[in-house]
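Derivation of every value follows stated rules applied to the coordinates shown; laboratory data play no part. Just so it is clear, the structure is predicted and the values come from calculations on it, not from any experiment. Note: ideal-geometry Cβ built from the backbone for every residue, glycine included; neighbour counts use all protein chains shown.
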Amino acid sequence: MNNKVVAGTCAVIAALGIYLYAGSGEKKTTEVATTPGSSQAASQDIKQMVADFSSRTLTADSASITSTQLIVDSGGPNEAAYELPENEFFLSVAPYVEKTHPCATHSLTGCQGEMVGQSFGVTIEDADGKEIMNETVKSQPNGFIDLWLPRDQNYKMTITHEGKQAQSEISTFESDDTCLTTMQLS
């Protein structure tokens with residue numbers, strides 16, 4: 001009789017464990033980084049993770065970046081959310097000539113731009129016309145140029161490549177997109 005009770009109890013515990021592990025099939029997000037005000041070292045770690053996903057040296061089932069968080073899904077029942085630096089906004093830009101895709105929230109593991117490993121001139125001016133960036137940058141293996149810009153600002157961005165140019169007004173407010181795929185070079 002005791003063996004039957006023990007076996008039945010074990011079966012119930014096992015079923016409960018499987019239910020709790022599997023849940024309803026929805027992912028649970030775990031905040032793994034500190035809230036805004038994180039140390040500079042933590043901000044650099046997040047920036048390095050983003051760079052590693054963009055360069056394809058770090059992989060996951062999915063990694064996307066909103067205006068406030070890097071969200072990584074490594075295939076288990078949980079996903080991790082890392083807070084972005086408080087004063088910096090991430091924007092990923094895919095200049096193109098012929099092919100693009102619609103996007104709002106950049107997928108570090110899914111978005112693919114047309115122009116991989118190309119050099120671009122990137123100039124960014126603030127609302128007062130002050131130049132905050134004027135550099136030649138190379139696109140990542142995903143065809144995107146990753147930028148970290150001061151938050152809560154409006155900018156004018158110009159991208160040049162082999163005699164072609166594209167311009168766009170961009171902004172870095174919390175409600176703004178992190179993926180820009182509309183800059184057609186002509």
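In debye to the nearest 20, how big a dipole does segment 38-165 give about its Cα centre with +1 on each Lys and Arg Cβ and -1 on each Asp and Glu Cβ? Don't skip to the answer; put the middle values down first.
Numbers: 8 positive and 18 negative charges, 65 e Å.
Result for segment 38-165 is approximately 320 debye, rounded to the nearest 20.
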Original post:
How large is ³J(HN,Hα), in whole Hz, for each residue of segment 69-74 in order, when computed from phi with the Karplus curve 6.51 cos²θ - 1.76 cosθ + 1.60 and θ = phi - 60°, using x for Gly and Pro?
Top reply: 9, 9, 10, 10, 10, 9
Subject >> Cβ-defined net charge surrounding T158, 15 Å radius [Lys, Arg +1; Asp, Glu -1] >> reply: -3
Original post:
Is any residue of segment 72-116 close enough, with backbone N under 19 Å, to a label point placed 7 angstrom from the Cα of N154 along the Cα-Cβ axis, and if so, which?
Top reply: 89
**OP:** Among the listed pairs K47/K130; K47/K138; K99/K156, give every one whose C-alpha distance is greater than 19 Å.
**Re:** K47/K130; K99/K156
Original post:
Once the other residues with Cβ under 11 Å from the Cβ of T105 are scored (Lys, Arg +1; Asp, Glu -1), what is the net sum?
Top reply: -2
Original post:
Where a Cα-Cα gap under 18 Å defines reach, which aspartates and glutamates qualify for K164, not counting those fewer than 8 residues away within the same chain?
Top reply: E98, E114, E135
Original post:
What spacing in nm lies between the two simple spin-label points modelled at S168 and T136, each 7 Å away from Cα in the Cβ direction?
Top reply: 2.3
Original post:
Taking the Cβ of E131 as the center, what net charge do the other residues with Cβ under 14 Å away carry, scoring Lys and Arg +1 and Asp and Glu -1?
Top reply: -2
Subject >> Coil-residue GluC sites (Glu not before Pro) of segment 82-186, DSSP, other Cβ within 10 Å capped at 12 >> reply: E86, E98, E162, E174
**OP:** Quick one: go through segment 148-186 and flag any residue whose amide nitrogen is under 18 Å from the point 7 Å out along the Cα-to-Cβ line of D128.
**Re:** 150-157, 172
